[in-house]
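Asker: Take this structure, written in structure tokens, and hold onto it; I'll ask about it next.
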Amino acid sequence: MGKDSKVDDSENAAEKSEEKNKYGEPAKFDPTFNGPIKNRGCTDVICCILFIIFFLGMGVVGYWGYKEGDPTVLIYPSDSEGNLCGYGNFVNKPNLFFFDLLKCTNVAQNVAVGCPTTQVCVSKCPDKNWVWVAAAAQDANPLLSTQERRKLKEDMYCTYNITTQVRDEKSIKELVEGGNCASYYVKSDAVVGRCVPSAISTLINSASGLLSDAGNTTLVAADNTTVTGDALSAASKVLAYILNAKEYGEKILADVRASWWMILVGLGISCVIAFIWIIIMRWIAGVIVWFTIFAFIALFSFSTYYTLSRYFEMKNNSSASLNSVTDIEFTTNLDYYWNLSTTWLVFGIISATILGLSILILLFLRNRIRIAIALIKEASRAVGNMMFTLLWPIIPFFLQVVLFGFWGATALYLASSDKKKYASSSGNLTSNVTAADSSNLVTTFAASCAADYTNSTLGQFCGFVGYDVQEYTIYLQFYMLFMLFWVMNFIIALGQLTLAGAFASYYWAFSKPQDIPAFPVTASLWRSLRYHLGSIAFGSLIIAIIQIIRVILEYVDNKLKGSENQVAKFFLKCLKCCFWCLEKFMKFLNKNAYILIAVYGKNFCTSAKNAFFLIMRNIVRVVVIDKVADFLLLIAKLVVVAATTILAFFFFSGQVPIQVINGYVPSLHYYLIPVMLPELTSSLMGASLSSATTLPP
């Protein structure tokens, strides 16, 4: 029996040993190893060369887009001849007027050739309703004088070739039926440079229930189609939504401009709070972490209480309640959402969920939290000895901002490099027109479809309808998107590799701080740029490929939304889930691979394999300690964010009980914009400390 037991024990030990050997042998303690090795060579050179070639290609595409494109065509509205309203010769005519907005109801046609009605630039939008039938009847009176006829025609919106002389020579009926002037218009507002009908309900005649002018004449189009409120509303609804969204963005930009110096003050306060939090953790990490945990719980306890209290106060108020979620209206007025009980209920549920999860984690992982505290304390000491690590994350962030700005500008120039497109309502279509010959083509093309106006129905359209997307532009945009992912991940990887090398020089220093290099971050950055650009390019390329595949899957999913093929949808959802998990796993593995590259100087594949084996040999310790440490750092960031957010909220909402301070509060459209922007800094400041706690065990 005893022999059998010994045999079983030896077999179990052999199995464990074999299982451990499957993930390689643990590294032996080397008392002579004192930090990142200095004698190293270049790694993954081919990937470095490939990255440089693609990066130069990115610059070539940007230069070509800058040469061929003109973003002004995306900013300013275009009339039927391709002129830009509010720009160049039309600077005094900033608004675009549609002759017959009812023709904009066909969405498919609008996407293909634009809204097929004549459009002209005007100095101001109509401030009343007008219809050609009543004016034409008066114009037909032979007793009217020339001055009276001119006064009748003053209210007409016509094409540019209709001069005062032409107006005098032609009747209102001839001008309208010839397509030279609008047959009707309604009171409109200028929304992002487009004349969009005002609230339809205010324009309807209470007696007839139809749209009419000041003389109660019902509005009709050139082909005698009655202009109803429903038809006009349908034609302007989508346009209004899009333009309101653009106006919403412009209001946000205006708020940022009005409060920019206050946002900078908020950024400074966030930096100071985060800096103080990191520094004092050197001495009282345990107290700070436990205080942070309970402060986090207290903040979300108050948030849960406050939001649910507001909900119970408002739920019996009929004006603040909704019968169903579908009753929620889309609006750019954020006060509408704050006055709904459903909004506070959602906030209350979110706060209660976070609170419950935090309490459960605290109860079940309190012992692991103690170990994580020791790890964070050592990381805080490392930061204290290398102060520049606090400022380093700003450099990758700045590079990312520059990259995103370059990509956004290039995307705009590429999008505006498309050729002008001219069409007629009879199906005639001519495109691929450059800016140089567009003026000649307008004349030629107008002549070619002039017969349409005389031989077909009234209201024929012939002119500029938009910009034709060139096939190569799509490929270039795809290339730029891929390079955005690749370079963005390259910058992130460079930051991780640099910080890993700096903290490695601290951890392997025998006598601290004497053995720590004078400029550890600079030395680590030099090693990264001198030897490991290829490894950085390799790792970031893998992430970029996964991300571009996810974009393609999202595109396919969007195309299949109207499809009834449930099997295809199911497999697509599975693929999206798998690639999401793959991206998360590869980012985690890459981060640990960069740490080993910084320490030992091996290539990416070798370092990734060693990192994977190292993680698998210490899987429980890595998962629990690493994630608990990440969780504690996340709580710290949230506390900083909550503190600065509360201060900014009470300041910009004018609720500070000090009159002198309230005098500095600017007039804003949405006071939450400057409240949210300063919180970016707390995440930046936590990046250096989190990197210090991710060295493999």
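Asker: Given the condition open to solvent by 10 Å² or more (accessible area, probe 1.4 Å), modelled with pLDDT of 90 or more and within 20 Å of the chain's Cα centre (by Cα), answer yes or no: does some residue in segment 512-527 qualify?
Answerer: There is no residue in segment 512-527 that is open to solvent by 10 Å² or more (accessible area, probe 1.4 Å), modelled with pLDDT of 90 or more and within 20 Å of the chain's Cα centre (by Cα).
Asker: So, Ser183, is that one within 44 Å of the chain's Cα centre (by Cα), surrounded by 11 or more Cβ atoms within 10 Å (Cβ to Cβ) and at pLDDT below 80 or not?
Answerer: It is false that Ser183 is within 44 Å of the chain's Cα centre (by Cα), surrounded by 11 or more Cβ atoms within 10 Å (Cβ to Cβ) and at pLDDT below 80.
Asker: What do you reckon, is Asn161 open to solvent by less than 60 Å² (accessible area, probe 1.4 Å), over 40 Å from the mean Cα position of the chain (by Cα) and within 28 Å of Ile75 (Cα to Cα)?
Answerer: Criteria not met by Asn161.
Asker: Another question, then. Condition (residue is touching a residue at least 24 places away in the same chain (Cβ under 8 Å) and small (Gly, Ala, Ser)) applied to segment 540-551: is it met by at least one residue? Outline the logic, then answer.
Answerer: If we filter segment 540-551 for residues that are touching a residue at least 24 places away in the same chain (Cβ under 8 Å), which is where we start, we get 540-544, 546-551.
Adding the requirement that they be small (Gly, Ala, Ser) leaves 540, 544.
Yes, some residue in segment 540-551 is touching a residue at least 24 places away in the same chain (Cβ under 8 Å) and small (Gly, Ala, Ser).
Asker: Right, here's the next one. Of everything in segment 275-307 that's touching a Gly at 6+ places or on another chain (Cβ under 7 Å) and modelled with pLDDT under 75, which residue is least open to solvent (accessible area, probe 1.4 Å)?
Answerer: Ile279
Asker: Filtering segment 379-388 down to residues that are closer than 17 Å to Asp515 by Cα and either among the polar types (S, T, N, Q) or without any contact (Cβ under 8 Å) to a residue 24 or more places away in the chain (or both), which residue is surrounded by the fewest Cβ atoms within 10 Å (Cβ to Cβ)?
Answerer: Met387
Asker: Can you pull out the residues in segment 352-369 that are open to solvent by 80 Å² or more (accessible area, probe 1.4 Å) and either in a loop (DSSP other than H, G, I, E, B) or touching a residue at least 24 places away in the same chain (Cβ under 8 Å) (or both)?
Answerer: The one that is open to solvent by 80 Å² or more (accessible area, probe 1.4 Å) and either in a loop (DSSP other than H, G, I, E, B) or touching a residue at least 24 places away in the same chain (Cβ under 8 Å) (or both): Arg368.
Asker: Pull out all pairs, ordered by first then second residue, where Cβ-Cβ is under 7 Å, the residues are six or more apart or on different chains, the first lies in segment 26-44 and is closer than 21 Å to Ala502 by Cβ, and the second is of a type in the set (S, T, N, Q).
Answerer: Taking only residues 6 or more apart or on different chains, the pairs are Gly35/Ser505; Pro36/Ser505; Thr43/Ser535; Thr43/Asn603.
The values are calculated or read from the model by the stated rules, or taken from the named source; none is laboratory data. All values reported here derive from a predicted model rather than from experimental measurement. All Cβ positions, glycine included, derive from the backbone under ideal geometry; neighbour counts span all protein chains shown. The area values use the complete protein model at the heavy-atom level, side chains included, leaving out ligands, DNA and RNA. Shrake-Rupley method; radii C 1.70, N 1.55, O 1.52, S 1.80 Å.
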